[in-house]
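See below for the structure under consideration.
The values are calculated or read from the model by the stated rules, or taken from the named source; none is laboratory data. Since the structure is predicted, the reported quantities are computational estimates derived from the model, not experimental observations. Glycine gets a Cβ as well: all are built from the backbone with ideal geometry, and neighbour counts include every protein chain shown. Note: areas computed on protein heavy atoms with side chains; ligands, DNA, RNA excluded. Shrake-Rupley method; radii C 1.70, N 1.55, O 1.52, S 1.80 Å.
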Amino acid sequence: QVQLVESGGGLVQPGGSLRLSCAASGIPFSVSVMAWYRQAPGKQRELVASITSGDSTNYADSVKGRFTISRNNAENRVYLQMNSLKPEDTAVYYCHAKREGFPRFDYWGQGTQVTVSS
């Protein structure tokens, strides 16, 4: 079975920090490209950050310099450290796994809510 389970979401003040975690099972984690997406109310789902098996990272311009994606292959986990949070970061955040060249390898977590509000 393939399972991606996000945790760490919650309510934070603007300027605060939060660390999301995604626990993966049933996939070859170390060779998977992992990513975080988010979907805010009334908006399309968007890519926030991704990390390759070689630890190359990519970030949306809106989060660059504030968010950091990382992975721990021994734990089969991917993290998203979110600093200097803004109200516009409010969204459901989803963990995603894929493998380049394997288009049917496409898995999603259930999502975790992040709310940034004063």
Quiz item: Over the range 19-86, one equal point on each Cα, no solvent: what is log10 I(q)/I(0) by the Debye formula at q = 0.14, 0.18, 0.19, 0.24 Å⁻¹?
Solution: -0.42, -0.67, -0.74, -1.08
Quiz item: Heavy-atom accessible area of residue 27 with all protein chains present, probe 1.4 Å, nearest 10 Å²?
Solution: 20
Self-check item: Simple spin-label estimate for residue 43 and residue 115 in nanometres, 7 Å along Cα-Cβ
Solution: 1.7
